[in-house]
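Right, one structure below, let's go through it.
The values are calculated or read from the model by the stated rules, or taken from the named source; none is laboratory data. Quantities reported herein were computed from a predicted structural model and do not represent experimental measurements. Glycine also receives a Cβ, built like all others from the backbone with ideal geometry; neighbour counts cover every protein chain displayed.
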Amino acid sequence: MKDRLIALGYTAGWGLVRAMPLPMARALFTRAADRAWKANGKGTQRLRRNYQQVVGADMPETLVRDGLRSYARYWMEAFRLPSQNRAQNAAGFFMETDSYEAMKKDIADGKGLVLALPHVANWDAAAAWVVSHDWRMITVAERLKPESVYKKFLDYRESLGMHVLPLTGGDRPPLDVLAERLTEGWVVPLLADRDLSRSGVPVDFFGGTARMPAGPAILAIRTGAPMYAVDCWFSEHRVEARLRKITPPEDGPLDERVKRTTQLMADAFAAGIAEHPQDWHMLQKLWV
């Protein structure tokens, strides 16, 4: 029954929120975020502790409220994305000019791109923007429970034009498939600020030790594809972004190169999160 209710909730979200006028949807999700802030449940408490790690113990409590509002905005916009056309997807996302030109040049040169993202702003809007440029894109998704919810998310992301591999349970290891696609010039975005395999790379992150996945670094080193950390944030009417280039070291054993590259990725994530911490949606335990 619990699984059915969860699936029903997501189905209602994708159906009902799309039908609402945008101001009504925004108001509804903002009120829900404020209720969650006042209720101070486990997710809110974890978000508070994570923000304290980022900005210090004297963090203003309003940051937690604003973070929950930003997270609610992500869900509101995600539920509405499938009803938008490609022109609307392109208009709802802005990449800073230097970053856009670097990305466009790499793709024109036939290079695949490894794009590593933390959980910031609306990463689905970023993916829809990539697809709106007719750039081929493939990513990996965690298998959610219940399975019906995983299928809903799979259908949702594929409706935006993404190709999605399951993190586990696929026909082939996802890294092998992604490496092939990179050599064919595909864009590979990967959420990479939280390790899901329990065997991630230890990194220094805002003064503490966290574990982040090795996949982006392995792919960049293995294929030679350019690697960027993606920084996203919400402005009033759209998602904005910039890229930070990550250059893997060429010397040393492979495992050391992966560790050093993953640390560079963590440093790039930290630079962006420090600028707009309210748009970092990390409601799970991160630091060891």
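Some notes on this structure:
- Unmet requirement for residue 243, which otherwise passes all of (1) surrounded by fewer than 20 Cβ atoms within 10 Å (Cβ to Cβ); (2) in contact (Cβ under 8 Å) with a residue 24 or more places away in the chain: (1)
- A search for C-beta distances below 6 Å between a residue of the stretch 175-189 that is more than 18 Å from residue 128 (Cα to Cα) and any residue that is part of a helix (DSSP H, G or I) and charged (D, E, K, R), counting only pairs 6+ apart in sequence or on different chains, returns 179/222.
Rundown of residues vs (1) in contact with a Cys (Cβ under 9 Å, 6 or more places away or on another chain); (2) touching a residue at least 40 places away in the same chain (Cβ under 8 Å); (3) under 23 Å from residue 160 (Cα atoms); (4) acidic (Asp, Glu), yes/no style:
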site	(1), (2), (3), (4)
73	no, yes, yes, no
78	no, yes, yes, no
83	no, yes, yes, no
87	no, yes, yes, no
90	no, yes, yes, no
96	no, yes, yes, yes
99	no, yes, yes, no
105	no, no, no, no
108	no, no, yes, no
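- Taken over the stretch 260-277, the criterion of being out of contact with any helix residue (DSSP H, G or I) (no Cβ under 7 Å at 6 or more places or on another chain) and either assigned to a helix (DSSP H, G or I) or without any contact (Cβ under 8 Å) to a residue 12 or more places away in the chain (or both) is satisfied by 260, 263, 264, 266, 267, 268, 269, 270, 271, 272, 275.
- Among residues of the stretch 218-245 being farther than 17 Å from residue 76 by Cα and among the hydroxyl-bearing types (Ser, Thr, Tyr), the one that is nearest to the chain's Cα centre (by Cα) is 228.
- Matching residues in the stretch 246-256 - criterion: being part of a loop (DSSP other than H, G, I, E, B) and either on the phi > 0 side of the Ramachandran plot or in contact (Cβ under 8 Å) with a residue 24 or more places away in the chain (or both): 248, 252
- Candidate set: the stretch 183-208, residues that are charged (D, E, K, R) and in a loop (DSSP other than H, G, I, E, B); chosen: the one nearest to residue 106 (Cα to Cα): 184
- Filter pass, residue 227 being in contact with a His (Cβ under 7 Å, 6 or more places away or on another chain) and crowded, with 19+ Cβ neighbours inside 10 Å: no
- Residue in the stretch 153-173 that is farther than 17 Å from residue 219 by Cβ, modelled with pLDDT under 95, in contact with a strand residue (DSSP E or B) (Cβ under 9 Å, 6 or more places away or on another chain) and among the acidic types (Asp, Glu) present: yes
- Yes/no for residue 75 being assigned to a helix (DSSP H, G or I) and buried (at least 22 other Cβ atoms within 10 Å of the Cβ): no
- Hey, residue 211 in contact (Cβ under 8 Å) with a residue 40 or more places away in the chain and part of a helix (DSSP H, G or I) or not: no
- Of all residues in the stretch 179-206 being farther than 12 Å from residue 137 by Cα and of a type in the set (Lys, Arg), the one that is surrounded by the fewest Cβ atoms within 10 Å (Cβ to Cβ): 198
- Of all residues making up the stretch 251-288, the number that are modelled with pLDDT under 95 and small (Gly, Ala, Ser): 1
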